[in-house]
Amino acid sequence: MDTVTIGAKGISVSLDLAVGHIAAMAVEADGRRLKPLHRAPWVGSPTLPENLPEGTARLSGDFLCAPFSTSDVEAAPLHGWTANSAWDVVENGAIAGGWRAVFRLRRKVMGAAVDKIFTLRDGHPFLYQEHVFSGGSGAISVAHHPMTAMRDGGRLAFSPKRLAVTPATPLEPDPARGRFRLAYPARATDLTHFPLAAGGTADLTDYRMEDRREDFVTMVEADHGGPGWTALARRAEQDLVLVLKNPAELPVTMLWFSNGGRDYAPWSGRHIGVLGIEDGRAAVGHAASLGDNWLKHEGVATAFALTEGRSVSFRHVIGAVPAAEAPSGLEAASDRLRILLSDGITTEAPFDGDFLRIGRSNPA
């Protein structure tokens, strides 16, 4: 498999150059090796269904969706060429206190060149990544697609969200092919009381392994002035997976609950305990993102404008630290991330607090 691995003290990341997916990520902490990202169990199988998108056949870790979901403006597979076609290594080498690599998509997206920039810092348990679109025309919706997996579920915590919404139809409406649990469409402002299809409510912050389902919900960031973040305390793994963003760049977080809810190949009921934490600037589908969608009615941007001679970029952070519970909050300083736990207990991790450039806006 065509992968490139980069590393700094205490952390390594491997990129599958065939599709731009992170094939592996490992963090060394307290004598442990934390692996926050998931790789689908069928990757490398010689018996996959015909006509399966490359991004699904090699589904791994995190990747860039451009557009997010259906490519119905410019022809491309699900989640776009950024998630389904080859990337080249442009730069790869040591920097002061770490490592930096730049990858470029061989194809263009809406006429734009796309660069993926990875930075690792010695002693930091985080991957700092940036994507840059140079030139092009029209507009593109985007999202990151980090996936983690749990053996025994976990507890979620988030930066303040304004509301959570499910789309008009579930991911798997046909009971002969799969199942879902949430109500569609539905919305809630309390993440611990989201409507269920069968009546009653569910707690979106509690990932329960017995709930075999495929569900999808979009959360809109509230105005709070800090970084957007999602934290997942994985019970069996005894760690805390952290995903951070700049809400001005990526104003929504989409959760994909994939817990044995698809019965057809290659899923075959074996994609279990997986959570996608998909920070984006998107509605579901490229055309929907450019059109009159519900997020725009909420004042939320769903695409970046592309212009020849100009570039747009957005940044994202993925990491993991040892912890046994979901935090009540995160506080970013210039060089540390403070994780607030119960009973006034805090823990800290080295962190580049300037990387996300909070307060910086980007063209709509």
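Couple of notes before you dig in:
- For segment 1-74, the Kirkwood hydrodynamic radius comes to 13.9 Å, computed from all pairs of different C-alpha atoms.
- In the elastic network of the chain, a GNM with C-alpha springs shorter than 10 Å, the most mobile of Gly273, Gly200, Gly20 is Gly200.
- Dipole-positive endmost among Pro173, Pro36, Leu191 within segment 3-350 (Cβ charges, Cα centre): Pro36
- Sequence-distant lysines (8 or more away, or on other chains) whose Cα lies within less than 17 Å of Lys116: Lys108, Lys245
- Amide H contacts of Ile272 (H built 1.01 Å from N, under 5 Å, at least 5 apart or other chain): Gly260
- Kirkwood Rh, angstrom, segment 319-359 [1 / mean 1/r, Cα pairs]: 10.9
- Span from the segment 213-278 Cα centroid across to the segment 140-169 one, whole angstrom: 3
- As a size descriptor, the averaged projected area of the C-alpha convex hull of the chain was calculated at 17.3 nm².
- Rg and Dmax [Cα atoms of segment 222-306; Å; Rg one decimal, Dmax integer]: 15.9, 44
- Gaussian network model of the chain, Cα within-10 Å springs - most flexible of Pro227, Pro322, Pro49: Pro49
- Top of Ala349, Ala236, Ala287 by mean-square fluctuation, Gaussian network on the chain, Cα under 10 Å: Ala236
- Assigned charges on the beta-carbon of Lys, Arg, Asp, Glu; segment 3-350 dipole about Cα centre (debye): 400
- When Glu298, Glu221 are arranged by Cβ crowding within 10 Å, least crowded first, meaning fewest neighbours, the order is Glu298, Glu221.
- Taking the fewest neighbouring Cβ atoms within 10 Å as the starting point, the ordered list for Trp256, Trp42 is Trp256, Trp42.
Each reported figure results from applying straightforward, stated rules to the coordinates on display, with no laboratory input. Note that the coordinates shown come from a computational prediction; the quantities given were computed from them, not determined experimentally. Every residue, glycine as well, gets a Cβ built from its backbone with ideal geometry; the counts of neighbours run over all protein chains shown.
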